[in-house]
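Since the structure comes first, as structure tokens, the remarks are kept for the end.
The values are calculated or read from the model by the stated rules, or taken from the named source; none is laboratory data. Computed from a prediction, not measured in an experiment: that's the story for all the values here. Cβ coordinates were reconstructed from backbone atoms using ideal geometry, including for glycine residues, and neighbour counts include every protein chain displayed.
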Amino acid sequence: MDLHVYNTLILSDLHLGAETSHAREATRVLKENRFQRLILLGDIFADLNLARLTKDHWKFLGYIRKLSNPKRNIEVVWVEGNHDHGLANIMSHLVGVRVYEDYAWEYGGLRNIAIHGHQFDGFQVNKVKVSRWGTSLYLRLQKLDLKGNPIARLIDRLNTRWLRMSAKVAAGALEYGRHHGAQRVFCGHTHEAIEVEQDGIQYYNSGGWVDSRLTYLTVDEQGVQIHEYRERADDRDSGEERGETDSALADFADEAGLLEDVEYESIGR
Ligand SMILES: [Mn+2]
């Protein structure tokens, strides 16, 4: 295990509840790194339906709950995304983390801002429902992987839209940083990990955990780094099945000490 302690680790767009969510791998990243601050940069959930969460999804949440224990002395921050907007409040009680629309911190003499990024994607803000449907369709199509077929061409077109959105979010974020006197702006939302520097402002996107590239960011005295998670032999054999959710929820509640909470009865049933 790497004993290096990062100032901040940032991950976004895990889309818990989606079949393509790599919750197990994301949990590993959190367990195998040390950091003083964790920023969950939005769209940790795919939607408001907690019944879709698998055992691995609940385990991720259970681990967040553990990390947020004051004894650990780690600041865990949840920045709301467009998919987990509205759910964030409930989750702040369930996993014990504070929820922000955007989050700013000073480090190494620099002002850093973390904001999910949908704020800079006009289409998304004005047509939330269409866009949500579009996203879940995209995620589903991606699993098919059919070459030379009309669906594959549609995926290519959607990908092109994604790249355009990625540039749009970068431009909006850089402008936002300039306006708020920040030297670094961090976003998620586009599922594409990139870094861009313009006029002394650095923009970083943390990518996501639903596509083939699984990425996260770290901040330390060396600067900001984009990391790619490398798949391991035992990643595929998680033995997870939908339908185990009731016992997984019980495990989560047990580990997190939620069984003593009154709210337990009203969650996920
Ligand atoms: Mn988003």
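A compact table of results
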{"item": "Failed item in (1) within 16 Å of the ligand (Cβ to nearest atom); (2) among the hydrophobic types (A, V, I, L, M, F, W, C); (3) over 21 Å from LEU217 (Cα atoms), with LEU94 passing the rest", "result": "(1)"}
{"item": "Flag for GLY17 being on the phi > 0 side of the Ramachandran plot and touching a Leu at 6+ places or on another chain (Cβ under 6 Å)", "result": "yes"}
{"item": "Lone qualifier among GLY86, GLY117, GLY122, GLY134 - being within 17 Å of the chain's Cα centre (by Cα), at pLDDT below 95 and within 14 Å of the ligand (Cβ to nearest atom)", "result": "GLY86"}
{"item": "Residue in region 25-35 that is in a loop (DSSP other than H, G, I, E, B) and either in contact with a helix residue (DSSP H, G or I) (Cβ under 9 Å, 6 or more places away or on another chain) or among the charged types (D, E, K, R) (or both) present", "result": "no"}
{"item": "Extreme residue, nearest to the ligand (Cβ to nearest atom), among residues of region 3-24 that are among the hydroxyl-bearing types (Ser, Thr, Tyr), crowded, with 21+ Cβ neighbours inside 10 Å and in a loop (DSSP other than H, G, I, E, B)", "result": "SER12"}
{"item": "Residues of region 41-61 that turn out to be surrounded by 20 or more Cβ atoms within 10 Å (Cβ to Cβ), away from the ligand (no atom under 16 Å from the Cβ) and hydrophobic (A, V, I, L, M, F, W, C), as a count", "result": "5"}
